1. When the solvent-accessible surface of protein heavy atoms is calculated with a 1.4 angstrom probe, in what order do 153, 293 fall, highest first?
2. Which entries in 386/406; 172/262; 280/365; 103/137; 231/364; 315/364 show an alpha-carbon gap greater than 20 Å?
3. What figure, in Å² to the nearest 10, do you get for the accessible area of residue 108 with a 1.4 Å probe and non-protein molecules left out?
4. Under 5 Å between amide H atoms, partner at least 5 residues away or on a different chain: which partners does residue 223 have, H built in plane at 1.01 Å?
5. What residues of the stretch 104-130 lie in the reach of a label at residue 140, counting those whose backbone N is under 14 Å from a point 7 Å from the Cα along Cα→Cβ?
6. What list of ³J(HN,Hα) values in whole Hz, one per residue of the stretch 337-347 in order, does the Karplus curve 6.51 cos²θ - 1.76 cosθ + 1.60 (θ = phi - 60°) give from phi, with Gly and Pro shown as x?
7. Starting at the first residue of the stretch 125-136, write each ³J(HN,Hα) from the Karplus equation 6.51 cos²θ - 1.76 cosθ + 1.60 with θ = phi - 60°, in whole Hz, x for Gly and Pro.
8. Taking the dipole about the Cα centre of the stretch 348-419, with the C-beta of Lys and Arg at +1 and of Asp and Glu at -1, give me whichever of 371, 350, 360 is farthest to the positive side.
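The values are calculated or read from the model by the stated rules, or taken from the named source; none is laboratory data. The model shown is predicted, which means the values in this text are computed figures rather than measured ones. Positions of Cβ are backbone-derived with ideal geometry, glycine not excepted, and every protein chain shown enters the neighbour counts. SASA here: full protein model, heavy atoms, side chains in, ligands and nucleic acids out. Shrake-Rupley method; radii C 1.70, N 1.55, O 1.52, S 1.80 Å.
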Amino acid sequence: MTSTRTKQRKIMEELDSYNFDNFDNHDQLKYLPTNKAVNEELTFHPNHLSLASIPDINNSYDSSNHEDNVDQCTMVKDIPTFLASNFSKVTNHPSDLCDEIRKKLASWAVEFNIPRNALNALLLILRQFPGFTELPKDSRSVLKTRNINETACLTIIEPGVYYHFGLIPAIKRHFNLNPIINNTDVVKIVIGIDGLPISKSSSSQLWPILGYIRPLDNAVFPIGIYWGHEKPKNSNDYLEQFILEAKNVLLNGVNVDGTIIKVEIDGFCLDAPAKSFILKIKGHTGFDSCTRCREEGEYLQNRTCFPFTQNNLLKRTHNDYITREHDEHHVGSAISDLSILPNIDIVANFSLDYMHLTCLGVMKKLIHLWIDKGPLNVRLPSSVTKTLSISLSSLAQYIPCEFSRKPRGLNELSRFKQC
């Protein structure tokens, strides 16, 4: 006598021989099992349907007319209509569930930096299963990627292009994300501008305009980005969109949820070469390059120096810059349009560059004089140099991660960062 388990296996094998996706003739599929106990254990491959989840099949068997026999089957005449009407009731997920899945996929793709082609392939797989057909076909729909018309959004700034993200959207976004600044009446912005290469094999470079809101110095946002194979030819053209928006913001504030928030630019953070480019003044190696005083440098031993003096040095002022009081301090015939921003002091609001003025200036000269290039009466003995190198190397393990470079021995002095 054949056991129930054997009969279940035979029914399963018979059902597996059919492909429910390719029925042109409804009569090709003749019988479906009707025993409830058998149906509850039947599971299908992705190309098949789960008969255990279709209650109408079980109900179609009338136990009053037949014995409890697993071999009894029910004739199904219109299989496509039958399956469409019954399968959708069980497996069709609500649209809000698909929307929730889309959000989870978007977070997962962003967190793990999933390529777009990989996400597209995953979406195609998921859409083959019932209930997931409402998922988008393309990763751009999942990630809510905006369609950007490059010709409309990019501005030609010779010899490259510029895209302006905007200062106002960044301020509003930070108000929604950072409760620390929600209760403030004045938002203080710090602006940073610098150039950086993006390729070692070409001169391709970026000049971003960045900003952050004090005290959120770890939440830097882009205001505008320039790209080209050279830096912008005219800094005023490069800053034009930023200056127009910043002037409006400084005068009228920002409307955040119906409240006008006052905005101030608390300072500009630029290194010495970028500061010279933006303000159209002499570089940090020039005779009249000091941005704080009017002292003129001297050329000594192939270097531009500013010798120490006991005299009271005359300080530069914002008005001196506007009127070009000292023409030798400027480059070209124009001044920076940043000077038209309200409540901006070109002298006081631009910080001094510690790296170029001290580390690559005074300190670099002193170290080379002490180690290898100075007169013998000021050079350090080789034993002292070796001791210093060992001490520096031993400190490397105690330097916190916030410092990108660890101490090295003085034998690596020629390979220390130069800029």
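1. From most exposed to least exposed: 153, 293.
2. From the list (386/406; 172/262; 280/365; 103/137; 231/364; 315/364), the Cα-Cα distance tops 20 Å for 280/365; 231/364; 315/364.
3. The accessible area of residue 108 comes to roughly 90 Å².
4. When sequence neighbours closer than 5 places are left aside, the close amide H contacts are 209, 210, 211.
5. It comes to 116-117, 120, nothing else.
6. 3J(HN,Hα) across the stretch 337-347, in whole Hz: 6, 4, 5, 8, 5, x, 6, 10, 10, 4, 7.
7. Ordered by residue, 3J(HN,Hα) equals 5, 5, 5, 6, 9, x, x, 10, 5, 7, 5, x Hz.
8. It is 371.
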